[in-house]
Every structure is written in structure tokens, then in C-alpha cells.
């Protein structure tokens, strides 16, 4: 226990030192910029309430998409490992098609293409004014944004799950089935619990990517953080830089804790494996 405490103390000191150095560098850059650029922080900071609303929408999109993409990812991963060739091939086409498309193309395809052919958001029109946490989750842009982000991320999460499952020895599944378990029971009680040790670190990294990719939903005028920043200024205003700096700060507040969690889990699980 003392060794564990000293190790965390060491990492904490390194993180503090690196942060202090970065703050010093940024401060020096800021001072140099002041010589040629007039900052307008007072005007920009008045828009924080708008950013907070955009933050709610970004968090809502990200959290819903995380759960949906995790569920889809597991199903597709099972398809990739299926005994039936047609299921494996269809799952493979789905994964490789989406993984090789830019996310912004997927958003445009869903919102301006599939939405015209399958206007499912009209089913929710009676509840369009319903809000949760101040966010209209039945709005057409919100629904299609979540669908595009969830399905796109599911293609990456599926490969993470597939790699984690294949990292477990085949003998584990054979032993489970020899005890009378079905394929799905062996997956649920034997394979997946072990695979999660391999899956969690890259999965956490992918969830960080999901939060960042939600910024591209501004292309359909969904007022998440990035669109909020774009709406704060009009042509000719001199302090665009301040608005986007605030935007960057909001995204860092979202992604840095997830990145630290990913790093912690990766080290923690690696220590656990060495102690086995």
C-alpha cells in the first residue's frame, strides 16, 4: 500500500509539473499576443450561458450515443464472429464501409439522404417540444445526429470487442460448453468478463473520440458546443479568437477526465495482469 501511494504521488507530481510548465508557456504566448491583438474577454464571457446550454446538448448526444453504440457494437462484433458466413460478411461490409468514411460524410448522408427516404423523426413530432435537462431530444436534428454518431461509432466499437473476444483462448469457450453452457451463456459468463480487461482501455479512448466527433454535428445546425461558438459572432466582430478559445476550454473539460480515466484503467489492468 505505501508503494502504491508513493507511485500515485509520483504521477501526481509529474502531472502537476507538466501542467505548470504548460500554463507558463501559454501565459508567455498570451503576453506576446497582447502586443499585436486586442482581447475582448469581457464581451466573450457574457456568452457563457449559451455555451452551458450547448454543453448540455453535447453531453446528451454523447451519453445517448455511447449507450446505443455500445449495444450495436456488441451485436456487430457477435456478427463478425458468427458461424454463418452471410452474417460475418454482412457485418464485415458494415464495419469496413463506415470505418473508411469521414464522419462528416456520414452525418450528411443520414440527415440529408436517409432522412428524406425514412423520415422517422416525424413519428416523434407530437413530443417535439418535450425537453430533458433543457434539451429537446425529440427534435429531428437531435434524433438524426444521435443515429449518425451511434452507428458510426458502433463500427469502431465492434472491432474493439471483436479483438478483445479473440484475445481470449478458444479453450475457455470449449471448457464452458463442455459444462453444458450454450454459446450465448459462455459468452456472457466466461468470455466477455475476461475480454473486458482487454477492451476497457481502447474503449475509453473511443468514447473520447465520440465526444470530439459530436462537434461535427454543427453541419446540420444542431446547437451543440461548436455550433454555439459559431453563433456567438457575426461577420466583422473582432473577437472570434476568444469565442473559439472558450470552445476549446469546454471540450478539454470534457475529454481530459476521460483520457486520464483511460490511462489509469490501462495501467491498473496491466498491473492486475502482471500480478496474476
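Would you pick out the residues in segment 190-203 that are surrounded by 18 or more Cβ atoms within 10 Å (Cβ to Cβ) and closer than 17 Å to residue 78 by Cα?
Answer for segment 190-203, where residues must be surrounded by 18 or more Cβ atoms within 10 Å (Cβ to Cβ) and closer than 17 Å to residue 78 by Cα: 190, 191, 195, 198, 199, 203.
In this structure, does residue 218 turn out to be touching a residue at least 12 places away in the same chain (Cβ under 8 Å) and out of contact with any helix residue (DSSP H, G or I) (no Cβ under 6 Å at 6 or more places or on another chain)?
So residue 218 does not fit the description; no.
Anything in segment 48-63 that is within 21 Å of residue 204 (Cα to Cα) and in contact with a strand residue (DSSP E or B) (Cβ under 9 Å, 6 or more places away or on another chain)? List them, or say none.
Matches in segment 48-63: 56, 57, 59, 60, 61.
Answer with yes or no whether residue 35 is in a helix (DSSP H, G or I) and either over 25 Å from residue 202 (Cα atoms) or in contact (Cβ under 8 Å) with a residue 60 or more places away in the chain (or both).
For residue 35, the condition - in a helix (DSSP H, G or I) and either over 25 Å from residue 202 (Cα atoms) or in contact (Cβ under 8 Å) with a residue 60 or more places away in the chain (or both) - is not met.
Report yes if some residue within segment 16-25 is outside any helix (DSSP H, G or I) and either in contact with a strand residue (DSSP E or B) (Cβ under 8 Å, 6 or more places away or on another chain) or over 28 Å from residue 203 (Cβ atoms) (or both); otherwise report no.
no
Name, by its number, the condition in (1) touching a helix residue (DSSP H, G or I) at 6+ places or on another chain (Cβ under 7 Å); (2) buried (at least 18 other Cβ atoms within 10 Å of the Cβ) that does not hold for residue 187.
Condition (1) is where residue 187 drops out.
Out of everything in segment 161-183 that is modelled with pLDDT of 75 or more, assigned to a helix (DSSP H, G or I) and surrounded by 16 or more Cβ atoms within 10 Å (Cβ to Cβ), what residue ends up being nearest to the chain's Cα centre (by Cα)?
Per the stated criteria, the residue is 161.
The values are calculated or read from the model by the stated rules, or taken from the named source; none is laboratory data. Just so you know, these numbers come straight off a predicted model, no measurement behind them. So basically every Cβ, Gly included, is an ideal-geometry build from the backbone, and we count neighbours across all protein chains shown.
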